[in-house]
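For reference, the structure is listed below as structure tokens.
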Amino acid sequence: MSRPILEVKGLKKNFQVKSRKALFAKPTSVQVLNDISFELREGETLSIVGESGCGKTTLGRCIVRGMSASSGEVIYHAPGGETVDYLKLNGAASKKFRKDIQMIFQDPYSSLSPRMSVFNIISEPLIANFKLSRREVEEKVSSIAMQTGLNVSYLRRYPHAFSGGQRQRIAIARALVTQPRLIVCDEAVSALDVSIQAQIINLLKDLQQEFKITYIFISHDLSIVENISDRVAVMHLGRVVELASVESMFRQPRHPYTEALLSAVPQPDPELKKNRIILEGEVPNPANPPSGCHFHPRCAYRTEKCVKESPALREIGNQHYAACHYAEELTLRSARNEPRTEEGH
Ligand SMILES: Nc1ncnc2c1ncn2[C@@H]1O[C@H](COP(=O)(O)OP(=O)(O)O)[C@@H](O)[C@H]1O
Ligand SMILES: [Mg+2]
């Protein structure tokens, strides 16, 4: 196994939220990330999945320091063997290491400045982080543009002249130009057509091979992540509720929430399609989370214990972690199109 590149330890994020109804009420604190911990290995892709609002973007932003975490640590293992808390970097260490982690956002229409040429968009982080001559900048931008499949003769144009897929290539080129070791891709392909999605995913994979990049790949859509991930973390209401290798997660999910998410993944077999689990009720509100296990109001397997006690994330076997009181006992449906032995299949 390769060595760790990042250790996220006990990350928490609270937002101060003012009630819209009570104009003069004090803001209340809403916990959006609740004690998130995981380790990333160099060169792997860890996907973070879960319904909209579960805290994926907040987690990504806290890691890259696009927003400050309320508490917790993000230990970064630098190439020379040095380890630093990325969230506390300042001064020279900040200059040295901040560029090593970059983020790509969902919307290729709003994440690129419309007033900057593509050349300026891509070169901006390069100029901010390195002392380079104009020629060196031009060389590096051309080279990264070619590697990301952009036409070098279009670099003087502005983002509006490009399609969604091309814009996402520009965003990837900008993220890559400082040669980061880790990229957080937040729904990087979700806004794109399916055929373009596949092209961008293949590009990300090729770049990963070439530059040994580690990815945190955020997506609300489990069907996309199967193809790109080594491991998957399932988030529910600010917590990781399941974490496993992609094979283990898809073959044998251990959390009822994952079972439901997997059942929504499109299947070529129509028999499996019929088995889609419809989660009843609304996504719970982080300002007023349910008691016990936060998933219990929507869980078909809940018992009294689930209403009262919050299950901790624990290892069920061979690097497969789940936060469910009954993770060992439940036989959950997998996403695999495997021959069934039960009656009727
Ligand atoms: N700046 C903010 N102020 C208050 N609440 C926020 C803010 N940003 C996000 N939230 C809340 O945090 C929760 C998680 O949001 P987010 O991280 O965007 O989820 P996801 O990316 O999984 O859809 C949501 O309930 C959202 O309303
Ligand atoms: Mg998001």
Taking amide H positions as placed 1.01 Å from N in the peptide plane, with prolines and chain starts having none, which residues 5 or more places from S47, or on another chain, fall under 5 Å of its amide H? F217, D230, R231, V232, A233
Set the Förster distance to 41 Å, then compute FRET efficiency between S142 and T83 from the Cβ-Cβ distance, nearest 0.05. 0.70
Do the sum for the chain: with -39,500 (n - 2.57) for every DSSP H run of n ≥ 4, divided by all residues, what is the mean residue ellipticity at 222 nm, to the nearest 500 deg cm²/dmol? -8500 deg cm²/dmol
How much length would be gained if the chain were fully extended between S70 and N227, taking 0.36 nm per residue of separation minus their Cα-Cα distance, in nm to one decimal? 53.2 nm
What list of ³J(HN,Hα) values in whole Hz, one per residue of segment 215-222 in order, does the Karplus curve 6.51 cos²θ - 1.76 cosθ + 1.60 (θ = phi - 60°) give from phi, with Gly and Pro shown as x? 10, 10, 10, 8, 7, 8, 10, 5
Mind giving me the FRET efficiency for S2 and R135? R0 is 41 Å, r the Cβ-Cβ distance, nearest 0.05 is fine. 0.70
For C324, the residues 5 or more places away or on another chain with a placed amide H closer than 5 Å to its own amide H are R314
Assuming R0 = 51 Å, can you tell me the calculated FRET efficiency for the pair E247 and L23, based on Cβ-Cβ distance, to the nearest 0.05? 0.45
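Once you compute Rg and the Kirkwood Rh from C-alpha atoms, what is the Rg to Rh ratio for segment 43-169?
0.99
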Enumerate the calculated ³J(HN,Hα) couplings along segment 35-52 in order (Karplus 6.51 cos²θ - 1.76 cosθ + 1.60, θ = phi - 60°), each rounded to whole Hz, writing x wherever the residue is Gly or Pro. 6, 8, 9, 6, 10, 10, 9, 4, x, 8, 10, 9, 8, 10, 10, x, 5, 4
Nearest 20 debye, what's the magnitude of the dipole of the chain about its Cα centre given +1 on Lys and Arg Cβ and -1 on Asp and Glu Cβ? 1540 debye
Magnitude of the charge dipole, segment 252-322, Cβ model with Lys/Arg +1 and Asp/Glu -1, debye to 20: 60 debye
What relative contact order, as a whole-number percentage, does segment 252-322 give when Cα pairs under 8 Å and 6 or more residues apart are counted? 24 percent
By a straight-distance test (C-alpha under 23 Å), which lysines pair with K18 as possible cross-link partners, with residues fewer than eight away in the same chain excluded? K26, K56
Listed by chain and number, the aspartates and glutamates with an alpha carbon less than 16 angstrom from that of K95, same-chain partners under 8 positions apart left out, are E82, D85, E124
Among the aspartates and glutamates, select those whose C-alpha is under 20 Å from the C-alpha of K131, and discard any that sit fewer than 8 residues away in the same chain. D100, E139
Can you report the principal axis dimensions of the chain using only the alpha carbons, biggest first, rounded to whole angstrom? 67, 53, 46
What value does segment 252-322 have for Rg/Rh, both radii from Cα atoms and Rh as Kirkwood defines it? 1.02
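Run the numbers on segment 7-127 and let me know its relative contact order in percent, using alpha-carbon pairs under 8 Å that are six or more apart.
Working: 133 pairs, mean separation 27.8, N = 121.
Over segment 7-127, the number comes to 23 percent.
Mean Kyte-Doolittle of at least 0.0 and a Cα length of 27 Å or more along the axis: which whole DSSP H helices of the chain meet both? Before the final figure, lay out the partial values.
On the way: long enough: none.
The answer is none, since no helix passes both cut-offs.
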Relative packing of peptides 184-192, 112-120, 49-57 - highest average C-beta neighbours within 10 Å first: 184-192, 49-57, 112-120
Below 8 Å between Cα atoms, with a sequence gap of 6+, how large is the relative contact order for the chain in percent? 18 percent
Would you kindly derive the ³J(HN,Hα) couplings of segment 290-307 from the backbone phi angles with the Karplus curve 6.51 cos²θ - 1.76 cosθ + 1.60 (θ = phi - 60°), listing them in order in whole Hz, with x for Gly and Pro? x, 6, x, 6, 4, 8, 4, x, 10, 9, 6, 9, 5, 10, 4, 4, 5, 6
Ranked output for segments 93-99, 42-48 by mean other Cβ atoms within 10 Å, highest leading, reads 42-48, 93-99
Prolate/oblate/rounded label for segment 145-243 (Cα gyration tensor, a/c 1.5): prolate
Non-local residues with an amide H under 5 Å from the amide H of E309, with H modelled 1.01 Å from N and Pro and chain starts lacking one, are C293
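Rule-based calculations on the coordinates, nothing more; no lab input. Only a predicted model underlies this, so the values are computations on that prediction, with no experimental measurement involved. Because the Cβ atoms are built from the backbone with ideal geometry, glycine has one as well, and the counts that use them run over all protein chains shown.
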